[in-house]
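Here is the structure we will look at, set down as structure tokens.
The values are calculated or read from the model by the stated rules, or taken from the named source; none is laboratory data. If you're wondering where the values come from, they're calculated on a predicted model, not measured in any experiment. Note that we place each Cβ from the backbone using ideal geometry, even for glycine, and neighbour counts take in every protein chain shown.
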Amino acid sequence: MILISEHASTSKAVQDRLHRPLRDLRISVTDRCNFRCVYCMPREIFGPGYAFLPRKDLLTLEEIARIAQVFAALGMRKVRITGGEPLIRRNLEHLIEMIDATEGVQDISLTTNGSMLTADRAVSLKQAGLKRLTISLDALDDATFKSINDVDYPASRVLDGIDNARAAGFSDIKVNAVVRRGLNEHAVLDLAKHFRHSGCIVRFIEYMDVGETNGWNLDDVIPAADLVDRIDALYPLEAVSPNYPGEVAKRWRYRDGAGEIGFITSVTQSFCGECSRARLSAVGELYTCLFGTQGHDLRSLLRSGADDAQLLQAVSGIWQKREDRYSELRATATKVPVTGQAKVEMSHIGG
Ligand code: SAM
Ligand code: SF4
Ligand code: SF4
């Protein structure tokens with residue numbers, strides 16, 4: 001890895017055609033999940049007959065770490081581990097250790113549905129070097145939450161996972177809630193209320209047209225601005241400036257000091273202009289946009305014995321050609337941009 005570490009210390013971040021640097025890498029470690037959230041892995045498609053990726057096709061943890069080193073050499077500083085459900089992947093802690101030891105990487109976080117976040121697992125993730133956790137929870141009442149996860153999973157057990165994370169010493173915990181009209185809009189105030197004064201930041205996510213299986217419809221999206229108004233009417237809010245350019249969530253805080261909340265406005269206020277995120281699927285395809293149709297196969301390159309210089313050149317070449325801005329185009333078009341090809345599923349490349 002000598003070449004890579006020399007590159008990391010001397011190079012400027014590689015930029016795409018719209019002058020966006022490569023700063024973030026989201027790594028999907030599995031396409032499998034124990035939930036069947038209706039907006040992500042609807043049971044009618046991801047049922048017993050669905051062909052998940054064969055294990056031999058998955059990148060090994062070492063292969064993932066090597067790719068992360070290449071990205072770090074090109075300017076990437078933040079890694080998020082996701083899936084599918086990432087905690088399904090065995091020995092994930094080893095991957096976290098390797099990424100944490102990678103020169104240039106400043107932050108490593110994980111997004112999970114919380115169902116496997118036992119007290120022991122939370123401790124081992126923390127010890128491995130995981131810095132931050134995001135836990136998804138779309139409602140507090142079981143009727144709604146179970147109708148979303150579609151596997152009869154109670155909200156109380158996700159709350160237990162959050163408590164385990166806290167007990168293990170994670171302080172920067174975020175709670176992600178996707179909001180879909182008619183499904184869980186009533187849960188928004190419950191969640192806001194529950195996590196006031198908790199130190200956890202709830203982030204409400206506009207329901208997105210990721211993939212092709214969730215039957216997305218613009219009418220199902222509740223604009224974040226409406227949610228801000230609803231919460232503000234009960235608990236007055238004030239806007240907070242972003243922590244850094246390109247931050248995905250718009251930040252607000254309660255005027256009474258009860259903490260912060262966020263809104264991910266990917267549909268109504270796109271943020272492609274500062275998007276510095278690349279995504280790696282569990283089989284080693286590089287996607288340069290969440291709404292991509294075609295990944296770039298890094299696994300073949302890796303398994304054909306490519307050296308560091310060849311890997312660096314490949315990834316840098318892909319990023320330099322990038323001009324994705326799907327959400328921006330969606331916002332200016334009268335209908336969803338038509339690509340002519342099927343968009344990749346969220347469970348394949350991670351949120
Ligand atoms: N299984 C993990 C979880 O649920 O946290 C990690 C992977 S999941 C694909 C990552 C995030 O994407 C979750 O917070 C999930 O709620 C969100 N998500 C999935 N489908 C979505 C959609 N159609 N629109 C908006 N967010 C979505
Ligand atoms: Fe699984 Fe996460 Fe998708 Fe729900 S959102 S089905 S928990 S991958
Ligand atoms: Fe980035 Fe693509 Fe999302 Fe735009 S639509 S913010 S380019 S991932």
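Contact map, segment 41-53: residues that are within 15 Å of ligand 1 (Cβ to nearest atom) paired with residues that are in a loop (DSSP other than H, G, I, E, B) and modelled with pLDDT under 95, Cβ distance under 7 Å, separation 6+ or inter-chain. Pairs shown: P42/T213; P42/N214; I45/T213.
For segment 256-263, the criterion of being modelled with pLDDT under 90, more than 16 Å from ligand 1 (Cβ to nearest atom) and among the small types (G, A, S) is met by no residue.
Inclusion of G292 among residues that are closer than 30 Å to P54 by Cβ, within 14 Å of ligand 3 (Cβ to nearest atom) and part of a loop (DSSP other than H, G, I, E, B) is warranted.
When segment 82-115 is filtered for residues that are assigned to a strand (DSSP E or B), buried (at least 20 other Cβ atoms within 10 Å of the Cβ) and not polar (S, T, N, Q), the ones remaining, listed by number, are I108, L110.
Count of segment 65-86 residues, restricted to those that are within 16 Å of ligand 2 (Cβ to nearest atom) and charged (D, E, K, R), is 2.
Given the condition surrounded by fewer than 21 Cβ atoms within 10 Å (Cβ to Cβ), away from ligand 2 (no atom under 13 Å from the Cβ) and closer than 22 Å to L302 by Cα, answer yes or no: does some residue in segment 42-53 qualify? Yes; the residues of segment 42-53 include at least one that is surrounded by fewer than 21 Cβ atoms within 10 Å (Cβ to Cβ), away from ligand 2 (no atom under 13 Å from the Cβ) and closer than 22 Å to L302 by Cα.
Counting only residues that are among the basic types (K, R) and either at pLDDT 80 or above or within 16 Å of ligand 2 (Cβ to nearest atom) (or both), segment 335-349 holds 1 of them. Just wondering, is there one or more residues in segment 298-306 that are touching a residue at least 40 places away in the same chain (Cβ under 8 Å), surrounded by fewer than 20 Cβ atoms within 10 Å (Cβ to Cβ), of a type in the set (G, A, S) and more than 12 Å from ligand 3 (Cβ to nearest atom)? No; the residues of segment 298-306 include none that is touching a residue at least 40 places away in the same chain (Cβ under 8 Å), surrounded by fewer than 20 Cβ atoms within 10 Å (Cβ to Cβ), of a type in the set (G, A, S) and more than 12 Å from ligand 3 (Cβ to nearest atom). Filtering segment 155-165 for residues that are surrounded by fewer than 21 Cβ atoms within 10 Å (Cβ to Cβ), at pLDDT below 95 and within 26 Å of I96 (Cβ to Cβ) leaves an empty set.
Would it be correct to say that T332 is away from ligand 2 (no atom under 16 Å from the Cβ) and modelled with pLDDT under 95?
Values: away from ligand 2 (no atom under 16 Å from the Cβ): yes; modelled with pLDDT under 95: yes.
It is true that T332 is away from ligand 2 (no atom under 16 Å from the Cβ) and modelled with pLDDT under 95.
Could you identify the single residue in N243, N217 that is within 16 Å of ligand 1 (Cβ to nearest atom) and either without any contact (Cβ under 8 Å) to a residue 40 or more places away in the chain or within 30 Å of L59 (Cα to Cα) (or both)? Reasoning before the result, please.
Numbers: N243 fails: within 16 Å of ligand 1 (Cβ to nearest atom).
On inspection, the qualifying residue turns out to be N217.
Could you please find all residues in segment 254-271 being touching a residue at least 60 places away in the same chain (Cβ under 8 Å) and either out of contact with any strand residue (DSSP E or B) (no Cβ under 8 Å at 6 or more places or on another chain) or within 16 Å of ligand 2 (Cβ to nearest atom) (or both)? Residues satisfying the conditions are A258, I264, S266, S270.
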